[in-house]
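I have placed the structure first, in the form of structure tokens, so that the comments after it can refer back to it.
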Amino acid sequence: MRKIIEWGHFYASEGFSTESKQGWEIADQMSQKNGNESMVFIDDIHEKSFSEDLIIIPVHIDTSYLQWNISDKAHHIIEETNKNPQVTIDQVATTIIPNHILLESEMTKYTEQAIELLRNLPRRKKVRFRDGKWAFCSNIKIIHPDSTPTCVWYDLWLTLFKQQSWFDEVINVLPSSYEEQQASLKRIYKKIDPNFPITQIYYNNK
């Protein structure tokens with residue numbers, strides 16, 4: 001069974017954090033033991049995280065073992081992250097060697113496909129619009145009134161991508177603060193494919 005382990009994400013505008021490092025260490029250990037594939041997911045859409053205690057640390061993202069080509073934009077973000085000026089010169093960089101790197105902005109191409117999948121569900125399951133222009137699925141908000149997607153909607157696109165990339169199971173390693181959001185993702189995705197396994201592993205921020 002081919003499994004992909006996504007270890008949360010970091011923000012392109014901020015850089016690699018202690019929170020990111022925790023997620024990577026868990027995912028890397030799981031990958032080494034079971035031959036699973038690891039994924040770095042970079043948020044290049046939102047300006048910053050919601051964590052007030054975010055500590056940026058040095059990192060070296062090694063792209064030698066990537067299993068598919070990445071965009072010029074992704075290359076640029078990785079280069080900037082590797083030389084982040086917010087860290088001090090005496091700090092030792094954490095080296096991460098992922099199998100896959102994705103940008104959040106690259107997932108927008110799945111918008112129409114996701115909408116069609118939800119519109120074609122049985123009536124009691126399909127997406128609904130109410131409260132102005134909010135879009136709901138299973139009473140979960142997925143699109144804002146200004147037509148921008150919620151975080152759950154982004155997660156849905158990413159999960160579609162993983163499944164269509166021939167992965168048999170998705171494992172998401174995330175801070176415990178994402179538990180509610182991931183529960184919403186799982187609830188919605190079960191409507192699309194009730195047999196596709198999505199496993200979540202949470203850790204507490206240090």
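The values are calculated or read from the model by the stated rules, or taken from the named source; none is laboratory data. All values derive from a computational prediction rather than experimental measurement. Every residue, glycine among them, receives a Cβ derived from its backbone with ideal geometry; neighbour counts consider all protein chains shown.
For the reader, a short list of remarks on this structure follows.
- Filter result for residue 150 (among the hydroxyl-bearing types (Ser, Thr, Tyr), surrounded by 13 or more Cβ atoms within 10 Å (Cβ to Cβ) and within 14 Å of the chain's Cα centre (by Cα)): yes
- Summed over the range 172-184, residues that are within 13 Å of the chain's Cα centre (by Cα) and more than 23 Å from residue 29 (Cα to Cα) total 1.
- Residues within the range 185-204 that are within 14 Å of the chain's Cα centre (by Cα) and either over 15 Å from residue 23 (Cβ atoms) or assigned to a loop (DSSP other than H, G, I, E, B) (or both), tallied: 3
- Selection within the range 18-37: residues that are of a type in the set (S, T, N, Q) and under 24 Å from residue 84 (Cβ atoms). The member of this set that is surrounded by the fewest Cβ atoms within 10 Å (Cβ to Cβ) is 18.
- Selected residue (criterion: modelled with the highest pLDDT) from residues of the range 175-200 that are among the hydrophobic types (A, V, I, L, M, F, W, C) and in contact with a strand residue (DSSP E or B) (Cβ under 6 Å, 6 or more places away or on another chain): 198
- Residues of the range 106-119 classified as farther than 30 Å from residue 70 by Cβ and surrounded by 11 or more Cβ atoms within 10 Å (Cβ to Cβ), total: 0
- Residue in the range 45-68 that is in a helix (DSSP H, G or I) and of a type outside the set (S, T, N, Q) present: no
- Residue match in the range 128-141 (condition: surrounded by 15 or more Cβ atoms within 10 Å (Cβ to Cβ), modelled with pLDDT of 80 or more and closer than 23 Å to residue 47 by Cα): yes
- Residue that is farthest from residue 79 (Cα to Cα) [pool: residues in the range 16-60 that are under 15 Å from the mean Cα position of the chain (by Cα) and among the small types (Gly, Ala, Ser)]: 27
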